[in-house]
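Structure record follows, encoded as structure tokens.
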Amino acid sequence: MLCRSYANICDGGWTELCVLFKSGLINFRMVDVTEKIDSIKLLLISDIHCVGSRTFAFSRIVGEAKSTEQIQKDLAELLGRFLKIVDYVLIAGDFTDNGRTDQYEAVMSVLDRCDPERFCVVPGNHDTANFNNLESWNVRMRRFKKYMREFLHETNTPESSKEYFPYIRELGRGFALIGLDSTLARSAMGQLGMRQLDMLRWFLTTAEYKGKHKIILLHHDATGNKKIFNGFEIYYGNVLKDKEEFVDIIKAHVERNEGGGLTIINGHTHLKLIDKKSIPGANIFTVPSFGSRFEEDCIAVELFQDGTFRELEYYAGNVRTRLLKKYGKFVFPHTHT
């Protein structure tokens with residue numbers, strides 16, 4: 001069989017004429033090849049929960065935490081594989097289990113080998129704010145910024161903060177990202193506050209980013225619709241205190257229908273969830289816990305400028321099964337993490 005392809009411009013798009021010669025017959029097949037939609041490939045990671053030199057971690061209460069050595073090994077292997085494939089790595093917080101210096105040093109021993117320009121990061125409550133640490137939020141946030149300074153990006157706009165959050169990055173190919181700090185002092189719950197909400201509203205409405213696919217990166221559950229934590233069917237209330245204001249801003253943006261997609265990326269619940277129903281018109285990716293031995297380590301996805309997406313192939317290895325998954329709600333009727 002002899003096959004040749006010809007391409008020429010027709011009606012402003014590409015039309016490919018494939019002429020197939022088979023058994024002496026000529027068959028014509030018209031294939032409409034429209035202009036390629038821009039896309040970006042992302043590796044999404046969250047809730048690493050590195051315990052450093054400690055032998056105890058909160059996550060060990062439910063028997064799930066990886067050791068520091070296992071985290072370092074798995075993270076190095078994951079980044080070594082996907083940095084050849086993806087454009088950016090987005091990390092949605094909880095790098096550490098308790099915000100300690102040795103925990104940051106253990107994680108950074110891997111991240112410091114990478115190009116920080118290919119990363120976007122935000123803090124999680126275990127990094128800066130959890131109630132099980134006597135240090136103040138300010139002390140722990142300074143430590144987060146000290147170790148993550150090469151991976152943080154200041155925004156040169158009047159509405160931005162000199163303290164990094166929120167920050168906005170142009171990712172190219174019609175994509176832009178805003179990174180938000182949702183941590184709240186002495187609490188596992190999250191809160192954005194009026195300043196960050198105003199900046200988010202500006203990001204979604206300014207002509208500068210009109211028509212771009214906008215990505216929102218934060219740690220806490222963005223909608224509060226998840227009634228699970230750590231794979232257990234238990235009550236879960238550690239979401240954004242100002243989630244109603246956040247959702248209203250998102251819905252208003254979707255209703256304006258200004259073109260380009262909208263994607264929200266968060267962690268915190270430790271369980272993978274891809275949600276297109278909570279806010280129609282927005283993709284919500286809840287990223288699984290990298291530090292867990294029970295769930296997948298990450299989400300790898302290709303986002304398209306028009307708002308569609310496809311997951312990239314990813315092998316999670318031998319994922320363990322939770323014996324208490326069905327009955328955890330009777331053991332842990334309420335949890336804060």
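No value in this document is a laboratory result; all are computed from the given coordinates. Quantities reported herein were computed from a predicted structural model and do not represent experimental measurements. Every residue, glycine among them, receives a Cβ derived from its backbone with ideal geometry; neighbour counts consider all protein chains shown.
Brief remarks follow.
- Between GLU255 and LYS276, the contour length at 0.36 nm per residue exceeds the alpha carbon distance by 6.0 nm.
- Extension gain from GLN70 to CYS114, taking 0.36 nm per residue of separation minus the Cα-Cα distance: 14.0 nm
- Annotation: amide H of LEU171 within the under-5 Å range of ALA176, LEU177, sequence separation 5 or more or interchain, hydrogens built in the peptide plane.
- Pairs beyond 32 Å (Cα-Cα), from LYS41/LYS243; LYS241/LYS272; LYS212/LYS243; LYS73/LYS212; LYS73/LYS251; LYS146/LYS251: LYS73/LYS212; LYS73/LYS251; LYS146/LYS251
- Cβ-derived FRET efficiency at R0 30 Å, GLU154 paired with ILE37, nearest 0.05: 0.45
- Taking the Cα centre of region 68-226 as reference, the dipole from Cβ charges on Lys and Arg (+1) and Asp and Glu (-1) amounts to some 340 debye.
- Once the C-beta distance of GLU105 and ASP248 is scaled by a Förster radius of 35 Å, the resulting FRET efficiency is 0.30 to the nearest 0.05.
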